[in-house]
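Colleague: Starting off with a structure, shown below.
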Amino acid sequence: MRSSLPLHRQRGITLIESLVAIVVAALGILGILGVQMRTLTDTQTTVRRAQAIRLIEDLSERLKAHPNSLMSLGSYAHVGTNAPVPAPSVNCATTACNGTQLTTYDVTEWVRAVQRSLPQGDADIFLAPGDDATNPRQLGVMISWRENERADADAAYSASINAIAGGGGGGTCPAKRTCHLQYIPVSARCAPYRAGGASARQPYCAGA
């Protein structure tokens, strides 16, 4: 006849098994929550990057609508300061504007749209490094925004984008921020020419 352990030596085994099961289940739940939080963060970054792309498309359309944008690309330059941009002094949506006023209006309204659309959003607009200085045909755009998970250790991220943007000659991706860099080719609606030996180029718009 088999002998069995006394009952007093078997007490608490079920309780220990239950505690182990609870710990294993808690670790599994925490792992699932971590994956979901990482997925949510990646989704937010993707959505914001898509917003940045749409904003750059909007700036590209503004350049196409400006009949003389190619002749005054340097006037579109803007350095972001993370400070609120005031409304333009002339509203070209309701008032007739000359070329200079239209450029100022487009840049100001576009930067304000960036600041409204992205968390702590800001942007640099610059002439593409390496482009022909006398006849530039591309604008570089660096849009940046704040990400909660961006850490100090990601300095290499900003450095790599700044290197692509041309170092000190292009836009700047600030530290602890996510950035999107894109170049906009600008097509000529009006052909430049030199009239009467004039040193400055003048535009000729067919049908104007």
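Colleague: Give the residue that is surrounded by the fewest Cβ atoms within 10 Å (Cβ to Cβ), with candidates limited to residues of region 84-126 that are part of a helix (DSSP H, G or I) and touching a residue at least 40 places away in the same chain (Cβ under 8 Å). Reasoning before the result, please.
Modeller: Restricting attention to region 84-126, the residues satisfying the condition of being part of a helix (DSSP H, G or I) are 99-117.
With the extra rule that they be touching a residue at least 40 places away in the same chain (Cβ under 8 Å), the set shrinks to 106, 110, 113-114, 117.
Working: Asp106: 23, Trp110: 21, Ala113: 18, Val114: 23, Ser117: 16.
Applying the filter and picking the extreme gives Ser117.
Colleague: Another question about this same structure. Looking at Pro174, Pro192, Pro136, can you tell me which residue is surrounded by fewer than 16 Cβ atoms within 10 Å (Cβ to Cβ), closer than 22 Å to Leu55 by Cβ and modelled with pLDDT of 60 or more?
Modeller: Pro136
Colleague: Would you check if there is a residue in region 134-151 being touching a Leu at 6+ places or on another chain (Cβ under 9 Å) and charged (D, E, K, R)?
Modeller: Taking every residue of region 134-151 in turn, at least one turns out to be touching a Leu at 6+ places or on another chain (Cβ under 9 Å) and charged (D, E, K, R).
The values are calculated or read from the model by the stated rules, or taken from the named source; none is laboratory data. All of these numbers come straight from a predicted model, not from anything done at the bench. Quick reminder, even Gly has a Cβ in these numbers, built from the backbone with ideal geometry, and neighbours come from all protein chains shown.
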